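Read through the structure below, which is laid out as structure tokens, and then see the notes.
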Protein chains: 2
Amino acid sequence: MKLTSLLLARFAQALTYSSHGPPSSVLYLDSLPLPDLTPTDVRIKILAATVNPSDYNQLEGTYPIKPTLPAVGGNEGVAEVVEIGEEVRGLNVGDRVIPAVAGFGTWRTQAVTDESMVKRIPEMSTISGAMLAVNPCTAYRMLEDFNKPEQGGWVIQNGANSAVGRAVIQICKARGVRTINIIRQKDNDDLKQELLALGADKVFYDKEDKELSSFCKTIPAPGLALNMVSGRSTIPLLKALGPDSALVTYGAMSKLPMSIPFGLTVFKNITLHSYWMTRWTKQHGRSELEHTMFNDIADMCNSGELVPPPYVERGLRDYSSAMENAFRVKQVFINDPKKFLKVH
Amino acid sequence: MKLTSLLLARFAQALTYSSHGPPSSVLYLDSLPLPDLTPTDVRIKILAATVNPSDYNQLEGTYPIKPTLPAVGGNEGVAEVVEIGEEVRGLNVGDRVIPAVAGFGTWRTQAVTDESMVKRIPEMSTISGAMLAVNPCTAYRMLEDFNKPEQGGWVIQNGANSAVGRAVIQICKARGVRTINIIRQKDNDDLKQELLALGADKVFYDKEDKELSSFCKTIPAPGLALNMVSGRSTIPLLKALGPDSALVTYGAMSKLPMSIPFGLTVFKNITLHSYWMTRWTKQHGRSELEHTMFNDIADMCNSGELVPPPYVERGLRDYSSAMENAFRVKQVFINDPKKFLKVH
């Protein structure tokens, strides 16, 4: 074994935090020794790892899943198996894997872990694999598990330009389901065109209440609304929904409680659900349901029906900028020593 | 036939309205001719009819069920069948019946109607029969249809002194289910004692946040919350609920939208339902489910496990006072020409 390989095998670079606080302050790049493999361990090389809003909240200490400190940041990412213990049966060198548990700590170059802590994913690009577990799966499950829209039917969502929102648009498009998309207007943006190009049927700015309401009179009422904004932005969704429908909330980007007028829900019998991918994965991880979902999403990624949202590639060293821009555009740590800033 | 009987048979007194507006202004006592019976008609004598908040809203024109005007007010009440057409098969003279449809117009002395418009109820007191269809049935169904509490389990509700709230307390008591009850504090009231005497396990004023929260730490978390207040009063219910639980909203006495913080619902997976008795009855009226419910409630009424809420008996002539006090205490029109004000 060459000296360089030996060094690579023994240490990993990792974005670590020892206390909670502002993410760009509490994170530091550490060099962690890699233990020898037990018979059921695998060594994985992290290829790419995302920064999700929940990672940010986890560093702040405001998220309900709190790893023991010091901890490595990051929950989502794709890795390649580079070495396996002698009793490992489920994985082979060269397999692409993602964490099987919450709080894995994906912002590192390598890890040694029991094979049960990771799971194999179907073949897809590195970036699609890195972004698989949270956003496309959230979109997929919300469209599958709550008042599932039929072909030709309509779904309405706010925050439609979010990573989940874009996945919703594309999955619906692929299934022949039509989408009404609400976004916040910024100066001179061309977001409407961008979402229409992705496959959105209609896009409204959140100020276009009247236009939305007029349009809704011309279509069969949606039976499903997806809400990631909360606050008063929930109300146009409730107004648009038809009888016996479902509103699923998966975020509160407005940082305000949902405002739910009784009359809007009771007479149309709207049920309000919350969706949390982490809970679903805890309950259904490694199930046939998950297997089918991963394969469906991989197929859509490989056919070009589902493309990643805009993102910025960064090296681990560039963590301050990654944290500072985490809510503006998706940040992805790429494990490449020669990595420099690259925007997609 | 005596002349007096003839007159009684030909006309009914009825509280009628020809336009929407303030109920005590738009109502008037009218004399309506009673048509001859067709073969499938029955003639019924209304014995007692309640004033519910939704009747009030219906007169104002703010309720989604709007009868063609002029219309007779009232949706709930109990009647006795006094005459039947020759082809009536489902009813006999002497049967006690309640309306089978919304918007029947119960604030009248008599009515001639197709037998399909009314349905027989089990034996129970006139007042229990008059109050059967809305409040005890709402309480019964919410306890039956959403995350049904087991014996020994806990339910939490606000507006616990309402007619539905009192029925919830008593039905739970009869089933060995325990209740946490939240009420608004008024000066010198003895409402806590009153509800404890009805069978409430715990009663808190809405200002007693800390006491409620401390108490909740000592019990298995409720899986069901019943909300009739809405606004910010929804929050203590969400806080008290355990994982995978249900909050059912059946009113908004605060006249404010529910305020639902995302973090409180998503991590505990709380689903928010609305309940509307009118819809249930439209879907399940005359079903085996309804039959069982009526019998269960009649049994509880007859055994004294379920007693009516405080109410005031009034003659039809006294409608102004009935309307003015409708939100303060339950008003019941009693069909007795000698009727004068009587408080229970």
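Some notes on this structure:
- Within-12-Å neighbourhood charge of B:THR179 [Cβ basis; K, R +1; D, E -1]: +4
- Legend: calculated FRET efficiency, A:ARG286 to A:ASP190, from the Cβ-Cβ distance at R0 = 51 Å, rounded to 0.05, equals 0.75.
- For chain B, the solvent-accessible area with a 1.4 angstrom probe is 45 square angstrom per residue.
- Under 5 Å, built H, 5+ apart or other chain: amide partners of A:GLN110: A:GLN13, A:ILE46
- Positions from segment A:266-308 whose accessible area shrinks by 50 Å² or more when the full protein complex is built, not the chain alone, probe 1.4 Å: A:VAL266, A:PHE267, A:LEU272, A:SER274, A:ARG279
- Measuring from each Cβ of chain B to the axis that turns chain B onto chain A, the shortest distance belongs to B:LEU272, 2 (residue, then whole Å).
- Share antiparallel - DSSP beta bridges, chain A, percent rounded to 5: 60 percent
- Among the trypsin sites (Lys or Arg not before Pro) in segment A:62-115, those located in a DSSP loop and surrounded by at most 12 other Cβ atoms within 10 Å of their own Cβ are A:ARG89.
- Net +/- balance of residues flanking A:PRO67 in space, Cβ distance below 14 Å, scoring K and R +1, D and E -1: 0
- Share of carbon and sulfur in the accessible heavy-atom surface of segment B:135-278 [1.4 Å probe, %]: 49 percent
- Using θ = phi - 60° in the Karplus curve 6.51 cos²θ - 1.76 cosθ + 1.60, the 3J(HN,Hα) couplings for segment B:304-311 round to x, 6, 10, 9, x, x, x, 8 Hz; x is entered for Gly and Pro.
- Nearest-10 value in Å² for the accessible area of B:LYS202, using the 1.4 Å probe: 70 Å²
- Residues in segment A:225-264 occluded by at least 50 Å² - accessible area, probe radius 1.4 Å, against chain by itself: A:PRO257, A:MET258, A:ILE260, A:PHE262
- Percent of C-alpha pairs per 5 Å bin in segment B:35-139, short distances first: 2, 13, 24, 23, 19, 12, 6, 1, 0.
- In terms of its C-alpha gyration tensor, segment A:205-275 has an oblate overall shape, because the principal axis ratio a/c (a ≥ b ≥ c, square roots of the eigenvalues) is not below 1.5 and a/b does not outweigh b/c.
- Rounded, prolate or oblate (a/c below 1.5 giving rounded, otherwise prolate when a/b exceeds b/c) for segment A:135-278 by Cα gyration tensor: rounded
- In this structure the amide hydrogen of A:GLY315, modeled in the peptide plane, comes within under 5 Å of the amide hydrogens of A:ILE334, none closer than 5 places in sequence on its chain.
- Along principal axes, Cα extents of segment B:270-317, largest first, whole Å: 39, 28, 28
- Each other copy places its own label point for B:GLY21 at 6.9 nm from this one, sorted shortest first, where the point lies 7 Å along the Cα-to-beta carbon line.
- Label distances, nm, A:ASP36 versus same residue in remaining copies, Cβ-directed 7 Å point: 10.7
- Accessible surface of B:TRP280 - all protein chains present, 1.4 Å probe, nearest 10 Å²: 20 Å²
- Residues with amide H under 5 Å from that of A:VAL101, placed H, sequence gap 5 or more: none
- Remark: segment B:121-138, residue by residue, has Karplus-estimated 3J(HN,Hα) of 10, x, 5, 6, 4, 4, 5, 5, x, 5, 9, 5, 5, 9, 6, x, 5, 4 Hz, where x stands for each Gly or Pro and the curve is 6.51 cos²θ - 1.76 cosθ + 1.60 at θ = phi - 60°.
- Here is the size of the protein assembly as shown from its Cα atoms: Rg then Dmax, 31.3, 119 Å.
- Largest first, the residues B:CYS172, A:CYS216 sort by 1.4 Å accessible area into A:CYS216, B:CYS172.
- The DSSP beta bridges internal to the protein assembly as shown are antiparallel in roughly 60% of cases.
- The number of Lys pairs in segment A:201-285 with C-alpha atoms less than 20 Å apart, excluding pairs fewer than 8 positions apart on the same chain, is 10.
- Estimated inter-spin distance, A:HIS20 and A:SER320, nm [label 7 Å along Cα→Cβ]: 2.5 nm
- Cβ-vector label at 7 Å, B:GLY152, separations to other copies in nm: 5.3
- Loop-located trypsin sites (Lys or Arg not before Pro) in segment A:128-176 (DSSP state other than H, G, I, E, B) with a sparse environment of at most 11 neighbouring Cβ atoms within 10 Å are absent.
- Buried accessible area, chains A and B (both chains, 1.4 Å probe, Å² to nearest 100): 2100 Å²
- Other residues with beta-carbon under 12 Å from the beta-carbon of B:ASP209 carry, at +1 per Lys or Arg and -1 per Asp or Glu, a net charge of +1.
- Restricting the calculation to Cα atoms, every distinct pair contributes to the Kirkwood radius of chain A, found to be 21.2 Å.
- Extension gain, A:LEU29 back to A:LYS207 (0.36 nm per residue minus Cα-Cα distance, nm): 59.7 nm
- Using θ = phi - 60° and Karplus 6.51 cos²θ - 1.76 cosθ + 1.60, couplings along segment A:101-111 (whole Hz; Gly, Pro as x): 9, 6, x, 5, x, 8, 7, 8, 7, 8, 8
- Most mobile of B:LEU289, B:LEU15, B:LEU237 in a GNM of chain B (Cα contacts under 10 Å): B:LEU289
- Probe 1.4 Å - accessible area at A:GLU208, Å² to nearest ten: 40 Å²
The values are calculated or read from the model by the stated rules, or taken from the named source; none is laboratory data. If you're wondering where the values come from, they're calculated on a predicted model, not measured in any experiment. Because the Cβ atoms are built from the backbone with ideal geometry, glycine has one as well, and the counts that use them run over all protein chains shown. Accessible surface is based on the protein model in full, side chains and every heavy atom, while ligands, DNA and RNA are left aside. Shrake-Rupley method; radii C 1.70, N 1.55, O 1.52, S 1.80 Å.
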